[in-house]
Amino acid sequence: MKATKTIEVTVSPDGKIAIETKGFVGPRCREASRVIEEALGKKTDEVLTTEYYNSAVTNIRAFFERFSQLNIRSNTQLDQLVEQAVQAVRGVAPQQLRDSESMRHKVSAQLGQVQSVLDGLLVERPRRNILRRPR
């Protein structure tokens, strides 16, 4: 049986609104509550659960494993960036990210450096012009 996905919204007597997502894993829990948060306005606090951190670490490791299996070796700078990102999460357990704010900041900073260099490597895809024969 598939797990039910729900969003619970609670309004306390002092007017604070709490949104709890159940059955969503990782970043999908943020996507699920985003529409409600946008409608309500200012967000003051966010608490991420163990499932969020578990899936984030698992997903990034799976991505790097898949990347290495694809054997994309056309750009040494890209290979170095991937290795730098792998080093950022190597040996980091989801529980460490939950327990240690300094560990979260360290991993975030290292991955942020990778992202900034990667952003410079990205190139806009050229648009294709499809020519059709007149009928």
Can you give me the number of residues within region 84-102 that are surrounded by 14 or more Cβ atoms within 10 Å (Cβ to Cβ) and either under 13 Å from residue 64 (Cβ atoms) or within 17 Å of the chain's Cα centre (by Cα) (or both)? 9
Long-range neighbours under 8 Å by Cβ, at least six apart or interchain, first residue surrounded by 12 or more Cβ atoms within 10 Å (Cβ to Cβ) within region 103-121, second of a type in the set (S, T, N, Q) and assigned to a helix (DSSP H, G or I): 103/96; 110/84; 110/87; 113/84; 114/84; 117/77
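Bear in mind that the values in this text are calculations on the coordinates, not laboratory data. Given the structure is predicted, the values throughout are model-derived calculations rather than measurements. Methodologically, a virtual Cβ is constructed for each residue, glycine included, from the backbone with ideal geometry; neighbour enumeration extends over all protein chains shown.
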